[in-house]
Amino acid sequence: MNKRKGVSNMNELIKAYIGKDVIISTGFTSVDGTLVKVEDNWAQLETKSGIKTVNLEYVSVVQEYPRKKNGKRKSMVGLFTE
């Protein structure tokens with residue numbers, strides 16, 4: 001039951017990123033694109049290659065895609081290291 005409660009909290013946190021260009025990491029892989037919709041425990045992203053759906057039970061990191069001063073995307077090298 002605690003796991004389901006954690007997913008509910010994750011849904012609420014991720015809803016703040018709707019409409020933004022984000023990177024979602026599951027630990028095994030990462031997906032980047034525009035967050036379109038969050039329902040139940042699923043997030044839907046619009047990527048260059050189409051629509052992708054991510055199960056929020058496995059999400060470990062969500063962040064807005066970093067931008068340069070001119071508005072273009074920064075490179076992804078070392079993106080998750082701080």
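Taking segment 17-29, which residues are surrounded by fewer than 16 Cβ atoms within 10 Å (Cβ to Cβ) and at pLDDT 90 or above?
Result: Ile18, Gly19, Lys20.
Restricting to segment 4-16, and then to whatever is modelled with pLDDT of 90 or more and open to solvent by 30 Å² or more (accessible area, probe 1.4 Å), can you tell me which residue is nearest to Ile51 (Cα to Cα)? Outline the logic, then answer.
Looking only at segment 4-16, we keep the residues that are modelled with pLDDT of 90 or more, and these are 14-16.
Those left that are additionally open to solvent by 30 Å² or more (accessible area, probe 1.4 Å): 15-16.
Values: Lys15: 17, Ala16: 19 Å.
So, considering only residues that are modelled with pLDDT of 90 or more and open to solvent by 30 Å² or more (accessible area, probe 1.4 Å), the one nearest to Ile51 (Cα to Cα) is Lys15.
Kindly indicate the residue of segment 33-67 that is among the charged types (D, E, K, R) and touching a residue at least 40 places away in the same chain (Cβ under 8 Å) and also farthest from Gly19 (Cα to Cα) among those meeting that condition. I'd like the intermediate steps shown before the answer.
At the first step, the residues of segment 33-67 found to be among the charged types (D, E, K, R) are 37, 39-40, 46, 48, 52, 57, 64, 67.
Retained after the next criterion (residues that are touching a residue at least 40 places away in the same chain (Cβ under 8 Å)): 57, 64.
On the way: Glu57: 21, Glu64: 10 Å.
Looking at residues that are among the charged types (D, E, K, R) and touching a residue at least 40 places away in the same chain (Cβ under 8 Å), I get Glu57.
The values are calculated or read from the model by the stated rules, or taken from the named source; none is laboratory data. Keep in mind the model is a prediction, meaning the values are calculated, not measured. We place every Cβ from the backbone using ideal geometry, glycine too, and count neighbours over all the protein chains shown. Quick note on the areas: whole protein, heavy atoms, side chains included, nothing else; ligands and nucleic acids left out. Shrake-Rupley method; radii C 1.70, N 1.55, O 1.52, S 1.80 Å.
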